[in-house]
Amino acid sequence: MGKTTLKLTRKIQILVDLPTQEERKEAVDKLYQWQNRCFRAANLIVSHLYVQEMIREFFYLSEGIKYKLADEKKDVDGILQRSRINTTYRMVSDRFKGEIPTNILSCLNNTLISTFRANSPKYWKGECSLKNFRRDMAFPFSPEGMSRLSYCEEKKAFCFRLFRIPFRTYLGNDHTDKRMLLERVIKGKTKLCTSRIQLKDGKIFWLPIFEIEKERHILKPEVIAEASLSLEYPLVVKIGKNRLSIGTKEEFLYRRLAIQAARKRAQVGATHSRSGKGLKRKLKAVDRFSKTESNYVYHRIHVYSRRLIDFCIKHQAGTLVLLNQEDKIGIAMEDGFVLRNWSYHELMTKIKYKAEKAGIEIIID
């Protein structure tokens, strides 16, 4: 039997909840310091994990050298002074002691070890390279690092403390499920898992992971929905005699090309714009279109995948088969125009996520 729970990640902007500008600046500087130490620690951990795995390849000069990655106290052939998980944690903990909370280092270490083990077969086959972390990476922390999560009526925001730094959320005109999920966490109905903090463009974002129960629908595994992706229609689904075409070529592609053309015109016109305050002012018109296209595509794909899953639930289809996907991907790879403008991968990702949430099994043909 499959899991009855599902993990959701949301992005919530948060503000440092301190009275003076000096205190807020000090808190933000501390967050940037943690981010920097986390970035350095992540690259060190991955490097050490790779060396540990490859150590048997390094010992090719003598057959008598022991290279078993185990604690020497528990295994006579072990070469480590402590458990394998603890080696990388102690390495970064000793190096950055007092500069970053150990809770962050512990979460980072556990996450990287899990990811490394999952990707190990690809590393050895040469199909994947070691992950390299950037300076602006989000740093993780466990729920133990948070305290006093509650809703403040006076501030009209959810407030909490992260390692003694007070924060409050900024949801704005939120039309998603963020407020409902936070309320369920406070009431103890939803579990909050390891989360992350991201510093980007001068803003602070909280990326909480919620563990929720899957939706309960009356579905029949023997009822099969067959869906296919095409250029004329983003999605075509068939369940028995019932058929639904979701979206049209004109609806999706024409609007996307119109946004691209508008951005191109703005780039041409920027040549004659008054610079004033330099490049930022000169490209002001272009910047307005920077996220317009991606936002439009994200919204349409969300709508298409939602309509597909709702159609499956309506007809009690417990199995969703995506037909001829390899052929469609091959055509997209050959045609640069299709690959650039038809978002197969994003649509597939949204369909898989919504199907898993609704309890529908996905089969890719």
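General observations
- Were the residues from Lys314 through Glu211 laid out at 0.36 nm apart, the gain over their Cα-Cα distance would be 34.5 nm.
- Arg179 accessible area, assembled protein chains, probe 1.4 Å, Å²: 90
- Difference of contour (0.36 nm per residue) and Cα-Cα distance, Lys220 to Lys25: 64.6 nm
- Accessible surface ranking for Lys131, Lys280, Lys220, Lys214, 1.4 angstrom probe, highest first: Lys280, Lys131, Lys220, Lys214.
- Spin-label model, Arg90/Val268: points 7 Å from Cα along the beta carbon direction are separated by 6.6 nm.
- Difference of contour (0.36 nm per residue) and Cα-Cα distance, Glu99 to Ile55: 12.8 nm
- Taking label positions 7 Å along the Cα-Cβ direction at both Lys187 and Asn295, the computed distance is 3.2 nm, reported to one decimal.
- By accessible area with a 1.4 Å probe, ligands and nucleic acids excluded, highest first: order of Tyr254, Tyr32: Tyr254, Tyr32
- Sorted largest first by accessible area at a 1.4 angstrom probe radius, with every protein chain in place, the residues His315, His217 fall in the order His217, His315.
- Anisotropy class of region 142-286 from Cα gyration tensor, a/c 1.5 cut: oblate
- Heavy atoms of Ile362: accessible area, 1.4 Å probe, square angstrom to 10: 50
- Electrostatic bookkeeping for Glu154 treats Lys and Arg as +1 and Asp and Glu as -1; over the other residues with beta carbon under 14 Å from its beta carbon, the sum is +1.
- Among the listed pairs Lys249/Lys291; Lys249/Lys350; Lys191/Lys314, a Cα-Cα separation exceeding 26 Å is found for Lys191/Lys314.
- Cross-link table Lys30/Lys131; Lys214/Lys238; Lys7/Lys284; Lys156/Lys200, entries beyond 30 Å C-alpha to C-alpha: Lys7/Lys284
- FRET efficiency for Ile259 and Thr349, using Cβ-Cβ distance with R0 set to 25 Å, rounded to 0.05: 0.70
- Distance in nm between pseudo-label sites at Ser114 and Thr248 (7 Å out along the Cβ direction from Cα): 4.6
The values are calculated or read from the model by the stated rules, or taken from the named source; none is laboratory data. Everything numeric in this text was worked out from a predicted model, so none of it was measured. All Cβ positions, even for glycine, are placed from backbone atoms using ideal geometry, and neighbour counts span all protein chains on display. When the accessible area is computed, the model is the full protein with side chains, heavy atoms only, and any ligands, DNA or RNA have been set aside. Shrake-Rupley method; radii C 1.70, N 1.55, O 1.52, S 1.80 Å.
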